[in-house]
1. Quick one: if you stick a label point 7 Å off each Cα along the C-beta vector at Lys9 and Leu52, how many nm between them?
2. Would you please state the base-10 log of I(q)/I(0) at q = 0.19, 0.20 1/Å for the range 3-57, with intensities from the Debye formula using one equal scatterer on every alpha carbon?
3. Which value, in debye to the nearest 20, describes the size of the charge dipole of the range 3-57 about its Cα centre when Lys and Arg Cβ atoms bear +1, Asp and Glu Cβ atoms bear -1, and nothing else is charged?
4. With label points built 7 Å along Cα→Cβ from the Cα atoms of Thr28 and Glu41, find their separation and express it in nm.
Amino acid sequence: MEPGAILRKARRGQGMYMRQVGDALGVTESAVCRYEKGLREIPLELMVPWALLVGSRDIITNTCLSCPVGRVLGAEAKGRPPEPERPIA
């Protein structure tokens, strides 16, 4: 399942409307619609707050494996401490 479809399912599960998500993320309702339908790629800077807003932490660990938030949440899900950040060379 694509990230947009996962976020749509989570949003609906929370009883939220696209407009509410858009307002919280600072994007339009139509942008939310396009992201959920997979017509536009969801930027990582929106992925994390969106996933947390709709209670879909697992999408972060599946999509954002290289970012600090994804590493921390992924480690929590596996029951171990997060790996330290590595400097970018």
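We did not get these values from a lab; they are worked out from the coordinates using the rules stated. Please read these numbers as outputs of a predicted model, since none were measured by experiment. Please note: Cβ atoms are built from the backbone with ideal geometry, for glycine as well, and neighbour counts cover all protein chains shown.
1. 2.3 nm
2. The Debye formula, applied to the Cα set alone, gives -0.51, -0.57.
3. Numbers: 9 positive and 5 negative charges, 52 e Å.
The calculated dipole for the range 3-57 is roughly 240 debye.
4. Once both label points are built, they end up 2.2 nm from each other.
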